[in-house]
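Below is one structure, written out as C-alpha cells, with a few remarks after it.
Values in this text are rule-based calculations from the coordinates and carry no lab data. Source: prediction; values computed, not measured. Here the Cβ is made from the backbone with ideal geometry for all residues, glycine too, and neighbour counts use every protein chain on show.
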Amino acid sequence: STEKKDCCVCLVDLIGSVKITKELSDAQTKRYYEIFSDSVLETVKKHKGIPVKFIDDAILFYFPVESENAFNQSIDCCLNLAKSSNEINQKMASENLPGVGYRISSTFGTIQVVGGNDKTVSDIFGESVNLCFKINQYALPNTLIIDQSMYEKSEKMEFTFTKLDKSIVRELDYDVFI
C-alpha cells in the first residue's frame with residue numbers, strides 16, 4: 001500500500017568510505033559498516049525515527065509529523081548523530097579500524113510511504129526525499145544541513161541555523177541552512 005504523509009526526511013551519508021574500505025579486509029569492512037550503522041540506528045530509534053533503508057554507505061530515515069514535536073525529535077536526532085562521531089570513532093579505534101566522517105541532511109515535506117504500516121516500510125519517495133539527497137553533499141563533516149521548510153519549523157524551537165551563501169551552493173535553486 002502507498003500512503004502520503006508529512007514527514008521530516010533525514011539522511012546520514014559516510015564520507016570517503018569507498019576509498020577507506022579498499023584498504024580493509026572483507027571482515028574489517030563488514031565490521032566498519034556494522035559499527036557505523038548500529039550506532040546510527042540506535043540513535044534514530046532512541047528518537048523514535050523510522051529507518052527506511054541503507055543505500056550503499058548512507059542511511060535514510062524519517063519522522064512522521066503527527067505533532068510539532070516531530071520537528072524537535074528530528075533535529076535533535078540529527079544533532080545527536082553529529083555529536084556521536086567521537087563515540088563512533090572510539091569504537092572504530094578499539095577495533096583497529098579507521099575513523100568515520102559523515103554528513104547529515106534533513107528536509108520536510110509530503111512523501112509517499114510504500115509498504116504496510118510504519119513497522120514494515122519498504123520505501124519512501126517524493127520531492128523532500130530527493131532534496132534530502134541533493135543537499136547532503138553541502139554539509140560539513142559530522143554536521144547537519146537542513147532545507148528552508150525545516151528551517152522555518154526550527155525557528156520556533158531553540159535551534160539556531162545559518163543560511164549558506166548562494167556562492168557555495170550555486171547548483172541549488174533553494175536556500176539551505178547549517
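If the chain between residue 130 and residue 4 were fully stretched, how many nm would it gain, using 0.36 nm times the residue separation less the Cα-Cα distance?
So the chain would gain 43.8 nm between residue 130 and residue 4.
Exceedance of the 24 Å cut-off in Cα-Cα distance is limited, within the set 45/83; 4/45; 22/48; 46/91, to 22/48. Using R₀ = 30 Å, calculate the FRET efficiency as 1/(1 + (r/R₀)^6) where r is the Cβ-Cβ separation of residue 26 and residue 137; round to 0.05. Given R0 = 30 Å and the Cβ-Cβ separation, E is 0.60.
Subtracting the Cα-Cα distance of residue 18 and residue 37 from their residue separation scaled by 0.36 nm leaves 5.3 nm. Sparsely packed loop sites in region 13-81 (the GluC sites (Glu not before Pro) outside DSSP H, G, I, E and B with at most 11 other Cβ atoms within 10 Å) comprise 23, 66, 68.
Once fully extended, how much extra length lies between residue 93 and residue 68, figured as 0.36 nm per residue of separation less the alpha-carbon to alpha-carbon distance?
Result for the pair: 5.1 nm of gain on full extension.
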